[in-house]
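Below you'll find the structure, written out as structure tokens, and then a few comments.
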Protein chains: 2
Amino acid sequence: MTKILQSWIDGVAKQAILDFVAAVTTPDNPDFVPQEERIAVFDNDGTLWCEKPMYVQLDHILRKLAANAERDPALRAKQPWKAAWEKDFNWLGAVMTKHYQGDDRELKILLGGILTLSEGRSVEQVEAEARKFIENERHPTLGLSYRDCIYQPMIELLQYLEANGFTNYIVSGGGRDFMRGFAQDLYGIPRQRVIGSTVAYRYVENETGSEIVQQAELDVIDDGPGKPTQIWNVIGRRPILAAGNSNGDLPMLNFAGGTPSPTLRLLLLHDDAEREFDYVAGAEKALQVADEQKWTVISIQRDWQQVFPE
Amino acid sequence: MTKILQSWIDGVAKQAILDFVAAVTTPDNPDFVPQEERIAVFDNDGTLWCEKPMYVQLDHILRKLAANAERDPALRAKQPWKAAWEKDFNWLGAVMTKHYQGDDRELKILLGGILTLSEGRSVEQVEAEARKFIENERHPTLGLSYRDCIYQPMIELLQYLEANGFTNYIVSGGGRDFMRGFAQDLYGIPRQRVIGSTVAYRYVENETGSEIVQQAELDVIDDGPGKPTQIWNVIGRRPILAAGNSNGDLPMLNFAGGTPSPTLRLLLLHDDAEREFDYVAGAEKALQVADEQKWTVISIQRDWQQVFPE
């Protein structure tokens, strides 16, 4: 057997995890939680894998938009094809920061363009492309394949929880069908436990059979208050452990637990410019609440011996 | 150990089930299916429990509408409160039959009234009421408590499948939050595997904590083509076994399997006026397709030794 949480440095965060798991799994402990109620939810981007300099899925999307602009020059004057075609990462990077600051105007323009990519695509096709993308493409600065941009300590945490009777779910603002392409392989999280944003589906029957295809229309935005509502839609239980890294995770972190139950809330702080990235943009409010409420903040610099898999 | 499918009479339907399960669970069989892909989906009303003379949930709703009309006489002149108050079961019974015949005008009026009951109610409250209702109220003609209106042979089928590595889901046009109140208890199906129609949620935070409340707005109609799309939303896999009893189950039955995989499609025929009910209204098309495609039709009269639990 390998050492428990071996990529974690002994300290407050690691100890909080060990203490919590011991308490909820010990039958005569007042904080004991039956196995079926040991629900753990994890944000994906910036919590299970790297989200800078831009979301992995955004890179995938931008290449598709740029390919469209390559085929159709008229698109090159129009956002978001313009930014994708010109590789204008400033425009793009600012979109999500503005979103977390409450300004969604450019997010709507970006989403409008992204949605055109979904129309009529089968869910199997979306997943296969996602899998191929993260296996074949590389992170722009870390010198890693995208599939290796996962955080080794979080993988160990997922495994440790599962070994202790927890059921782990991804609850991400990212595209669910995209994540389903690799969640089992990268995180050991099966497809029915991937919760994310999604477009509307259309059910199609023809002579050769039936299939589910995506439509160019948003169905669920799994961010902010959308996270607890999707948790209830899909799981129907209040998690006892929640991990996130941004303001969009606050409602999910607040929703975890409940007054009488033991709860572990983990907020990942990106403070390691050398090994990963150092930023708080979009996480200011979450960090403030974590401080006020004494949630467990995980510092990459202080708490992780190793960031990415060997 | 009890006998397998002991409430079933030996015959074509029982044999089809036994043969299918044997084939998909035998490793050297060409039809072998790995455990994680053994997904079985079951309609609820008319498939796992009785749906006549009206849906159990509709009875629950009508009593609530009547109680509203009791408090507010002005409502007594207005549908659906009028029908609920006057116990006009003809108006009500016709709504779903018309729906399955393609006429949704009265369904919209009924739904509008039903939705007013949801506004601001916590999901826990909805579940607790559902549990209480089926435990305390009785079926109008069968002489049974509602909780005993489940089909014993289908309970045995669920257990038999689970014992063979299947994962069973409910996929019902009925209200998901209502069914979550008793699905584990009645069917052994846990809350995260209950798929149904649902209203939109609102996430509420206040000084005492956070909760999910229902809104007076439809979110998902889990019927007809909504069944396969919800199956993909929640499960993300194509079922290999699907069971239903009405036209609203046809897309789900069609979606099950897929060309190369082994598939079992079960259609329950209500043909036993003596022990249950005898009707085909709303199931005409499904029965026709079942006949054309050689799906397995389960006849209550011919295939079931016993209908309800002892």
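The values are calculated or read from the model by the stated rules, or taken from the named source; none is laboratory data. Here the structure is a predicted model, which is why all the values come from computation and not from measurement. No Cβ is skipped: glycine too gets one built from the backbone with ideal geometry, and neighbour counts run over all protein chains shown. Ligands, DNA and RNA are excluded from the accessible area calculation, which covers all protein heavy atoms including side chains. Shrake-Rupley method; radii C 1.70, N 1.55, O 1.52, S 1.80 Å.
When you check residue A:120 against the structure, is it touching a residue at least 60 places away in the same chain (Cβ under 8 Å) and loosely packed, with under 13 Cβ neighbours inside 10 Å, yes or no?
When the stated conditions are applied, residue A:120 passes them.
Which of the residues that make up region A:191-201 are under 19 Å from residue A:113 (Cβ atoms) and either within 10 Å of another protein chain (Cβ to nearest Cβ) or out of contact with any helix residue (DSSP H, G or I) (no Cβ under 9 Å at 6 or more places or on another chain) (or both)?
A:198, A:200, listed by residue number.
Which numbered condition in (1) of a type outside the set (A, V, I, L, M); (2) over 30 Å from residue A:205 (Cβ atoms); (3) without any contact (Cβ under 8 Å) to a residue 40 or more places away in the chain is the only one that residue A:50 fails?
Going through the list (1) of a type outside the set (A, V, I, L, M); (2) over 30 Å from residue A:205 (Cβ atoms); (3) without any contact (Cβ under 8 Å) to a residue 40 or more places away in the chain, residue A:50 breaks only (3).
Which of the following residues is part of a helix (DSSP H, G or I), in contact with a Leu (Cβ under 7 Å, 6 or more places away or on another chain) and more than 14 Å from residue B:214 (Cβ to Cβ): B:106, B:162, B:156, B:135?
Only one candidate qualifies: B:156.
So which residues in region A:246-275 are touching a residue at least 60 places away in the same chain (Cβ under 8 Å) and within 10 Å of chain B (Cβ to nearest Cβ)?
Once the filter is applied, which keeps residues that are touching a residue at least 60 places away in the same chain (Cβ under 8 Å) and within 10 Å of chain B (Cβ to nearest Cβ), region A:246-275 yields A:252, A:256.
Quick one: which of B:213, B:204 is closer than 17 Å to residue B:114 by Cα, more than 8 Å from chain A (Cβ to nearest Cβ) and assigned to a strand (DSSP E or B)?
Within the list B:213, B:204, the selection yields B:213.
When region A:147-172 is examined, which residues are found to be more than 22 Å from residue A:18 (Cα to Cα) and surrounded by fewer than 23 Cβ atoms within 10 Å (Cβ to Cβ)?
Those that are more than 22 Å from residue A:18 (Cα to Cα) and surrounded by fewer than 23 Cβ atoms within 10 Å (Cβ to Cβ): A:147, A:148, A:149.
So for region B:42-51 (the condition being more than 30 Å from residue B:236 (Cα to Cα) and aliphatic (A, V, I, L, M)), does at least one residue qualify?
Taking every residue of region B:42-51 in turn, none turns out to be more than 30 Å from residue B:236 (Cα to Cα) and aliphatic (A, V, I, L, M).
Take the residues in region A:49-104 that are more than 22 Å from the chain's Cα centre (by Cα) and of a type in the set (Asp, Glu); name whichever of them is most open to solvent (accessible area, probe 1.4 Å).
Ranking the candidates gives A:70 first.
Do you know which residues across region A:1-13 are under 20 Å from residue A:168 (Cα atoms) and outside any helix (DSSP H, G or I)?
Within region A:1-13, A:4, A:5, A:6, A:7, A:8 meet the criteria.
In region B:180-189, is there at least one residue being over 30 Å from residue B:8 (Cβ atoms), more than 11 Å from chain A (Cβ to nearest Cβ) and either in contact with an Asp or Glu (Cβ under 7 Å, 6 or more places away or on another chain) or open to solvent by 10 Å² or more (accessible area, probe 1.4 Å) (or both)?
No, region B:180-189 has no match at all.
Of all the strands (runs of 3 or more DSSP E) wholly in region A:220-310, which have at least 2 residues that are open to solvent by 10 Å² or more (accessible area, probe 1.4 Å)?
Qualifying strands (runs of 3 or more DSSP E): A:264-271, A:296-299.
Select from region B:191-214 the residues that are without any contact (Cβ under 8 Å) to a residue 24 or more places away in the chain, open to solvent by less than 40 Å² (accessible area, probe 1.4 Å) and among the hydroxyl-bearing types (Ser, Thr, Tyr) and list them in ascending order.
Hits for region B:191-214 are B:203, B:210.
Checking the condition in contact with a Leu (Cβ under 6 Å, 6 or more places away or on another chain) and assigned to a helix (DSSP H, G or I), which residue from A:84, A:40, A:16, A:23 passes?
A:84
Does residue A:124 meet the test of being under 26 Å from residue A:148 (Cα atoms) and either within 14 Å of chain B (Cβ to nearest Cβ) or over 19 Å from the mean Cα position of the chain (by Cα) (or both)?
Against the criterion (under 26 Å from residue A:148 (Cα atoms) and either within 14 Å of chain B (Cβ to nearest Cβ) or over 19 Å from the mean Cα position of the chain (by Cα) (or both)), residue A:124 qualifies.
How many of the residues in region B:26-48 are within 22 Å of residue B:230 (Cα to Cα) and surrounded by fewer than 20 Cβ atoms within 10 Å (Cβ to Cβ)?
The number of residues fulfilling the criteria is 3.
What are the residues in region B:23-47 that are away from chain A (no Cβ under 14 Å) and touching a residue at least 60 places away in the same chain (Cβ under 8 Å), if any?
Those that are away from chain A (no Cβ under 14 Å) and touching a residue at least 60 places away in the same chain (Cβ under 8 Å): B:23, B:24, B:25, B:31, B:33, B:42, B:43, B:44, B:45, B:46, B:47.
Taking the criterion of being touching a residue at least 24 places away in the same chain (Cβ under 8 Å) and within 11 Å of chain A (Cβ to nearest Cβ), would at least one residue in region B:156-168 satisfy it?
Yes - at least one qualifying residue is present in region B:156-168.
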